[in-house]
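Only one structure is covered here, and it is reproduced in the block below.
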Ligand SMILES: Cc1ncc(COP(=O)(O)O)c(C=O)c1O
């Protein structure tokens, strides 16, 4: 099987696999227990926290370990809003549902007013647009760094500068950014940053929210005092250990990006030659993905046909794939061409992807497209 769906989940890297196994052996106890077995689990959890923090240039004390990206996004968006009085939030129309639905909840339950920054010709919002949208009652800016469907890179450092000037907290969904762009939270100037383990070579079921010291975040899960009172519940030490180990080898993932950029450069003209139009190509993008629409085709049918050819690809966000609805991201990026949103194929790559695999996938795609649409 050829796996070209790295934006949905990455293969678990060898370092993470070894760490998970070791933690299952030695870290099965409750890390809050004060006895020796508990302390052994606690040590593994704290090692993982340190590795996550180091990977993003932060301090371990500022990392809240979570069950994944969605929980980290919910904690950041809902938790910080709870602690401030403003009634206005700024975001975009291309956020992952983990952020978008949390923002919806703020509207519904707290009467918050939302501004979605415009995407000029489908490109990332201009930092000046953010400056113009900020209001005296803005209590949160919630933006992604790398788009999950098209790889669009948002100029987060420039947004952070605007937010700092206005003293408005900035939440960054870096779930798809980690391992694709270098992250240094101190230099970045954001206030919160969400990560997910299974997008960077770790196992699913682990993630983190980094929170700048002094930013107050209310817990989304209520209960015990774990994670300094910011996330109740007995943590999954083995998954956290795998996440930490994957973060430890993040530089290797970053080092693969130039090769993946070259690979995509070679693939996209061939996709165009097959009749495809590349989505989101008007902005700088992360190297790991190409998103292409084929007029007259349904993305979900192409995914199924490619699966029969032994190639794993996606038509959009994995969490929406059962819904078979047009991609909200592509509708927002290409409002003049709504057909693109239902006709998209997402091919996403990782350090494991070889030229030969992509070659075989392209041959399979040509075969699939030669058949009439279902
Ligand atoms: C940009 C983005 N944010 C958040 C998430 C949610 O992460 P998780 O699946 O770990 O809950 C994803 C997952 O696809 C994502 O791509």
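The values are calculated or read from the model by the stated rules, or taken from the named source; none is laboratory data. Here the structure is a predicted model, which means the values were calculated and not measured. We place every Cβ from the backbone using ideal geometry, glycine too, and count neighbours over all the protein chains shown.
In the condition set (1) away from the ligand (no atom under 13 Å from the Cβ); (2) touching a strand residue (DSSP E or B) at 6+ places or on another chain (Cβ under 8 Å); (3) at positive phi, residue 166 is compliant with all but (3).
Rundown of residues vs (1) at pLDDT 95 or above; (2) within 17 Å of residue 71 (Cα to Cα), yes/no style:
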residue: 171; (1), (2): yes, yes
residue: 180; (1), (2): yes, no
residue: 196; (1), (2): yes, yes
residue: 200; (1), (2): yes, yes
residue: 216; (1), (2): no, yes
residue: 223; (1), (2): yes, yes
residue: 226; (1), (2): yes, yes
residue: 232; (1), (2): yes, yes
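Would you confirm whether or not the range 311-320 contains a residue that is more than 15 Å from residue 6 (Cα to Cα) and modelled with pLDDT of 95 or more? Checked against the condition, which is being more than 15 Å from residue 6 (Cα to Cα) and modelled with pLDDT of 95 or more, the range 311-320 yields no hits at all. Residues that are assigned to a helix (DSSP H, G or I) and in contact (Cβ under 8 Å) with a residue 12 or more places away in the chain within the range 22-42 comprise 22, 23, 24, 26, 40, 41, listed in sequence order.
Table: residues versus (1) over 21 Å from residue 176 (Cα atoms); (2) buried (at least 16 other Cβ atoms within 10 Å of the Cβ); (3) within 16 Å of the ligand (Cβ to nearest atom).
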site: 74; (1), (2), (3): no, yes, yes
site: 86; (1), (2), (3): yes, yes, no
site: 90; (1), (2), (3): no, yes, no
site: 100; (1), (2), (3): no, yes, yes
site: 112; (1), (2), (3): yes, yes, no
site: 115; (1), (2), (3): yes, yes, no
site: 132; (1), (2), (3): yes, no, no
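If you filter the range 168-190 down to residues that are outside any loop (DSSP other than H, G, I, E, B) and more than 11 Å from the chain's Cα centre (by Cα), you find that the one that is surrounded by the most Cβ atoms within 10 Å (Cβ to Cβ) is 171.
When 280, 299, 310 are checked against the criterion of being more than 22 Å from residue 121 (Cα to Cα) and under 22 Å from the mean Cα position of the chain (by Cα), 299 stands alone in meeting it.
Residue count for the range 143-167 under the criterion of being farther than 20 Å from residue 257 by Cβ and either part of a loop (DSSP other than H, G, I, E, B) or touching a residue at least 60 places away in the same chain (Cβ under 8 Å) (or both): the result is 1. Residue 14 fulfils the conditions (1) within 23 Å of the chain's Cα centre (by Cα); (2) buried (at least 22 other Cβ atoms within 10 Å of the Cβ) except for a single criterion, (2). In this structure, residue 331 does not qualify as in a helix (DSSP H, G or I), out of contact with any helix residue (DSSP H, G or I) (no Cβ under 6 Å at 6 or more places or on another chain) and modelled with pLDDT of 95 or more. Residues in the range 344-357 that are touching a helix residue (DSSP H, G or I) at 6+ places or on another chain (Cβ under 6 Å) and more than 20 Å from residue 97 (Cα to Cα) were compared, and the one that is surrounded by the most Cβ atoms within 10 Å (Cβ to Cβ) is 349. Would it be correct to say that residue 65 is more than 26 Å from residue 191 (Cβ to Cβ) and within 16 Å of the ligand (Cβ to nearest atom)? Against the criterion (more than 26 Å from residue 191 (Cβ to Cβ) and within 16 Å of the ligand (Cβ to nearest atom)), residue 65 does not qualify.
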